[in-house]
Structure formats: C-alpha cells, structure tokens
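*Asks:* Sending over a structure as structure tokens; questions will come in a sec.
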Amino acid sequence: MATLSGWRQLVVEGGEAADALANDLSMPMGVAAGTSNNAAVFSRFDRSTGQMIFYFTPAAAHVGIRFGAAECNQPTRRDAGMLRFGQDLDLIERLFGNSPEEE
C-alpha cells in the first residue's frame, strides 16, 4: 500500500464550476501563502472527462480539506498542471525537483 504524501486532490466539472472554485480559493490561499511559501494549488483540465483537477500542496492541505479535497499521492509535475495559487519563484523546483516535466 502506498503512503500518502499530504497532498490533496479535488475534482470538479470544468467550466463554471472550476471557475467558481478558483474564485472561492482566492482568499484562503492568499492567507495560506502568507504563512508558508510552500502553500500552493495546481490545476489541470482533463479533456477526456471534462473535469478540472485541483492539487493542494501539503502546506495548503488545510484549505483543500475545507473544500472537500481527498488525500492523494504527490502528482508528477506534468500531472499537476499549472500553478494556480502560489507565490515563490522556486516553489516548483522545491516540490518537483530540477526536472519538472519528468515522471
């Protein structure tokens, strides 16, 4: 059995639902980013299902929990998608290493 990494994942329908969630995350993620430079949310649109997948880093897990995000393993850099919330320029390298497109 794989050990979970502290990451959280929330899957929502694409389009308006995803936009609404991103809007709702704005304030709590601003607060979280002020307390930890590792607090971030990534998102990726899955064309095959029409769903948006949001990934919350361990430092942002408490925000994800408030929105019903489930525990998950750390995604690869490619699977994580785009950085939606997070401030530190070195964040992606710290989270995924020097080769962000591998795995």
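The values are calculated or read from the model by the stated rules, or taken from the named source; none is laboratory data. Computed from a predicted model, the values in this text were never measured in an experiment. Heavy atoms of the whole protein, side chains included, go into the accessibility calculation; ligands, DNA and RNA do not. Shrake-Rupley method; radii C 1.70, N 1.55, O 1.52, S 1.80 Å.
*Asks:* Multiplying the sequence separation of D79 and S48 by 0.36 nm and subtracting their Cα-Cα distance, what value in nm do you get?
*Replies:* Between D79 and S48, full extension yields an extra 9.8 nm.
*Asks:* What percentage of all Cα-Cα pairs in the chain are separated by more than 22 Å?
*Replies:* 24
*Asks:* Counting only protein heavy atoms and a 1.4 Å probe, tell me what percentage of the chain's accessible area is made up of carbon and sulfur.
*Replies:* It is 48 percent, rounded to a whole number.
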